[in-house]
């Protein structure tokens, strides 16, 4: 039997250029990290101003195709490091190898 202990989940968006936390939230220990990240990303323009471009860089704990599509629809620029298994799964689902630009060239 484990001893009861306090635990929380913490998520934050960190501005690497200015070395400061832009958004942070505490949640119950088990929470949807991607959903929290999306909420925080939605608040960034209000924090830094709507005219400031930004790039979201996420680690491999965020393999959510649905969230990536939502960010693309909103025009949010992002870069995500995927686990190799996630990458291979996505790559296998592609009808053709990745290309730059439109498939027609």
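Summary value for the chain: 18 percent relative contact order, contacts being C-alpha pairs under 8 angstrom separated by 6+ residues.
Diffusion coefficient of the range 41-94 by Stokes-Einstein, Kirkwood radius over Cα pairs, 37 °C, 0.692 mPa s: 264 µm²/s.
Bridge orientation summary for the chain: considering DSSP beta bridges with both residues in this region, about 65 percent are antiparallel. A Förster distance of 30 Å, applied to the separation of the beta-carbon atoms of residue 30 and residue 72, puts the FRET efficiency at 0.60. Rounded, prolate or oblate, given the Cα gyration tensor of the chain, with a/c below 1.5 counting as rounded? Cα axes put the chain in the oblate bin. Here the label points at residue 22 and residue 84, each 7 Å from Cα along the C-beta direction, are separated by 3.2 nm in the simple model.
We did not get these values from a lab; they are worked out from the coordinates using the rules stated. The structure displayed is predicted, hence computed values, not measured ones. In this analysis, Cβ positions are derived from the backbone assuming ideal geometry, glycine residues included, and neighbour counts consider all displayed protein chains.
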